[in-house]
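The values are calculated or read from the model by the stated rules, or taken from the named source; none is laboratory data. None of the values given here were measured: they were computed from a predicted structure. Here the Cβ positions follow ideal geometry from the backbone for every residue, glycine too, while neighbour counts run over all protein chains shown.
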Amino acid sequence: MDAILGCTGFQWDESNTEKSWLRHKVTWTECEGAFFNHPFLLLVDEKHSGAEPRYYALGKTHAARGLFVAFTVRGDLIRVVSARDMSRRERKEYAHAEQESAQEDSEV
């Protein structure tokens with residue numbers, strides 16, 4: 001999570017934005033929304049990290065659409081590489097995180 005804590009916004013590459021829309025019908029505003037809703041799962045993508053660290057996140061849009069977002073951090077900006085709907089396995093992982101979050105909230 002430290003990787004994105006200092007970020008101040010998003011950097012959009014037109015071809016990546018268009019690719020996410022054409023392939024997966026995901027808009028850039030949906031991608032951004034997924035970073036601001038709870039829970040937000042963030043992992044390092046070791047397999048695709050090369051010249052720069054790559055990350056992926058599972059989050060929900062403001063309209064509750066579950067997204068998988070692959071991104072990198074450049075300076076203090078989040079640069080989305082790709083976004084799509086969560087897979088079945090990812091939805092299951094996210095649902096588990098939601099249950100844990102709800103339990104923590106009820107214990108407070």
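Answer yes if at least one residue in region 35-48 is assigned to a helix (DSSP H, G or I) and either within 18 Å of Tyr94 (Cα to Cα) or under 11 Å from the mean Cα position of the chain (by Cα) (or both), and no otherwise. Scanning region 35-48, I find no residue that is assigned to a helix (DSSP H, G or I) and either within 18 Å of Tyr94 (Cα to Cα) or under 11 Å from the mean Cα position of the chain (by Cα) (or both), so the answer is no. The residue that is surrounded by the fewest Cβ atoms within 10 Å (Cβ to Cβ), among those in region 55-108 that are touching a helix residue (DSSP H, G or I) at 6+ places or on another chain (Cβ under 7 Å) and of a type in the set (D, E, K, R), is Asp85. Of the residues making up region 11-31, those that are of a type in the set (A, V, I, L, M, F, W, C), in contact (Cβ under 8 Å) with a residue 40 or more places away in the chain and within 16 Å of Phe68 (Cα to Cα) are Val26, Trp28, Cys31. Residues in region 89-108 that are polar (S, T, N, Q) and either in contact with a Pro (Cβ under 8 Å, 6 or more places away or on another chain) or within 11 Å of Gly66 (Cα to Cα) (or both): Ser101 alone. Of all the numbered requirements in (1) at pLDDT 90 or above; (2) exposed (fewer than 11 other Cβ atoms within 10 Å of the Cβ), Glu32 misses one, and that requirement is (2).
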